[in-house]
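Asker: So that we are looking at the same thing, I have put the structure below in structure tokens.
The values are calculated or read from the model by the stated rules, or taken from the named source; none is laboratory data. Bear in mind that the values here come from a model prediction, so they are computed numbers and not experimental data. Positions of Cβ are generated from backbone atoms using ideal geometry, with glycine treated the same way; all protein chains shown enter the neighbour counts.
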Amino acid sequence: MSSFHSDTGVRRSAGHQPSSPALSLAVAPPVSTCFSPAIPAACPARPSERLAHPGSAPCILGPVSGRSRGMTRWTPRPDGGRPSGKPCTHTWTADPAPLRATCPACAARGRAPGDLLLCLTCGHVGCSDSSPGAHATAHFEADGHPVVRSLARDGGWAWCYEDEVYLDPLDEPAPRSAPRGPESVWDYPRPPALSPDDRVVVVECAGRVVAESRRTIRVLETSHPPVFYVPPQDVRTDLLFPAAGRTWCEWKGAARYWDVVVGDDVRARAAWTYPRPEPAYAALTAFFAFYPSRVDRCTVAGDVVTAQEGDFYGGWITPEVRGPFKGAPGTRLW
């Protein structure tokens, strides 16, 4: 962001959501993360975790701590591709503890359940009986949570309803991109350039994963560390609320700000978007950028991000990026 001027704020409204027009991802990498098509205002499996407002972008990200048992990587079986021939693009998922040890639909009917399947989004347990209106399949149809894992002793497999493919766990740790060569911010252009990035980007705040993506866009501008923009499909938009104030970038246009709210923890103006950017930056439409200094942690390919100095710019300093960087006292005119 550069050459910003403050302007009138936006009224905070718990019922308001950012518009998400059809995005032009011509510059983005062809990587997607098996997200569900829709999630209602409350998941029956966890009624206490009601979303703050309807229309939230779906997400399969779980808590950083608590009931989550960590992250498991799953890969599609070689012989289990979709009917279209395309493999499942699902990569990472939360692995919550089961909410119960039986299928409630079968228990209500007094019958023994089939293989129990754990929803990797919320912990709902249902069996593999595909009868309409009950069991694991019905949970997917009602809530859109796409991936279930078998709880059988000899299981160890998962099924993606979205991509219609079996998944097997991988033993190796999370994939890490090959180390990148040094980049000087003084080699970045002005006006800024857009650079698709397929490294795993994670934003954490108050014990929650607020965003996780492998299809971000970096904005590269002279003297600034890059800013990573995350597609709304990969962001917990139910944790974001409109914040007061707008700013203007001479290149990208008007920016809107968002508070990150997790329970009673409010991180004011921790994220921003460009709802209607200038034509040259249309690929950023509705994508979210986060201030590393205003959340708990941001990582790129497992490397912890250092925040750009100062409280105005939101650059992400990763190991390959070299300065000196704009943002410190006395650098305003750089």
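Asker: From the list ARG246, ARG208, ARG215, which residue is more than 12 Å from the chain's Cα centre (by Cα) and among the basic types (Lys, Arg)?
Answerer: Values: ARG208 fails: more than 12 Å from the chain's Cα centre (by Cα); ARG215 fails: more than 12 Å from the chain's Cα centre (by Cα).
Residue meeting the stated conditions: ARG246.
Asker: At pLDDT 95 or above, touching a helix residue (DSSP H, G or I) at 6+ places or on another chain (Cβ under 6 Å), under 30 Å from PRO182 (Cβ atoms) and small (Gly, Ala, Ser): is that true of ALA270 in this structure? Walk me through it before giving the result.
Answerer: Details: at pLDDT 95 or above: yes; touching a helix residue (DSSP H, G or I) at 6+ places or on another chain (Cβ under 6 Å): yes; under 30 Å from PRO182 (Cβ atoms): yes; small (Gly, Ala, Ser): yes.
Spelling it out, ALA270 is indeed at pLDDT 95 or above, touching a helix residue (DSSP H, G or I) at 6+ places or on another chain (Cβ under 6 Å), under 30 Å from PRO182 (Cβ atoms) and small (Gly, Ala, Ser).
Asker: Since ASP198 meets every condition but one in (1) more than 14 Å from ARG294 (Cβ to Cβ); (2) more than 16 Å from the chain's Cα centre (by Cα), which condition does it not meet?
Answerer: Unmet for ASP198, out of (1) more than 14 Å from ARG294 (Cβ to Cβ); (2) more than 16 Å from the chain's Cα centre (by Cα): (2).
Asker: When you scan the range 262-272, do you find a residue that is farther than 28 Å from PRO189 by Cα, of a type outside the set (Asp, Glu) and surrounded by 20 or more Cβ atoms within 10 Å (Cβ to Cβ), even just one? So that I can check it myself, show each step before the final result.
Answerer: Of all residues in the range 262-272, those farther than 28 Å from PRO189 by Cα come to 262-268.
Adding the requirement that they be of a type outside the set (Asp, Glu) leaves 262-263, 266-268.
In the following step, the residues that additionally are surrounded by 20 or more Cβ atoms within 10 Å (Cβ to Cβ) were identified as 267.
Within the range 262-272, one or more residues are farther than 28 Å from PRO189 by Cα, of a type outside the set (Asp, Glu) and surrounded by 20 or more Cβ atoms within 10 Å (Cβ to Cβ).
Asker: Another question, then. Can you pull out every residue in the range 207-224 that is under 27 Å from ALA328 (Cα atoms) and not in a strand (DSSP E or B)? Full working, then the answer.
Answerer: Filtering the range 207-224 for residues under 27 Å from ALA328 (Cα atoms) gives 216-224.
Passing the criteria: GLU221, THR222, SER223, HIS224.
Asker: Another question, if that's okay. Is one or more of the residues making up the range 183-196 in a helix (DSSP H, G or I), closer than 21 Å to LYS326 by Cα and of a type in the set (Gly, Ala, Ser)? I'd like the intermediate steps shown before the answer.
Answerer: As a first pass, look at the range 183-196 and keep what is in a helix (DSSP H, G or I): 185-187.
From what's left, closer than 21 Å to LYS326 by Cα: 185-187.
Checking which are of a type in the set (Gly, Ala, Ser) leaves us with none.
Checked against the condition, which is being in a helix (DSSP H, G or I), closer than 21 Å to LYS326 by Cα and of a type in the set (Gly, Ala, Ser), the range 183-196 yields no hits at all.
Asker: Something else: Residues that are without any contact (Cβ under 8 Å) to a residue 40 or more places away in the chain and of a type in the set (D, E, K, R): list the strands (runs of 3 or more DSSP E) wholly contained in the range 245-334 that include at least 2 such residues. Give the steps one after another, and end with the answer.
Answerer: Values: elements: 253-262, 265-273, 288-290, 297-300.
Correct list: empty, since no element meets the threshold.
Asker: If you scan the range 275-292, which residues turn out to be modelled with pLDDT under 95 and of a type outside the set (A, V, I, L, M, F, W, C)?
Answerer: The answer is PRO275, ARG276, PRO277, GLU278, PRO279, TYR281, THR285.
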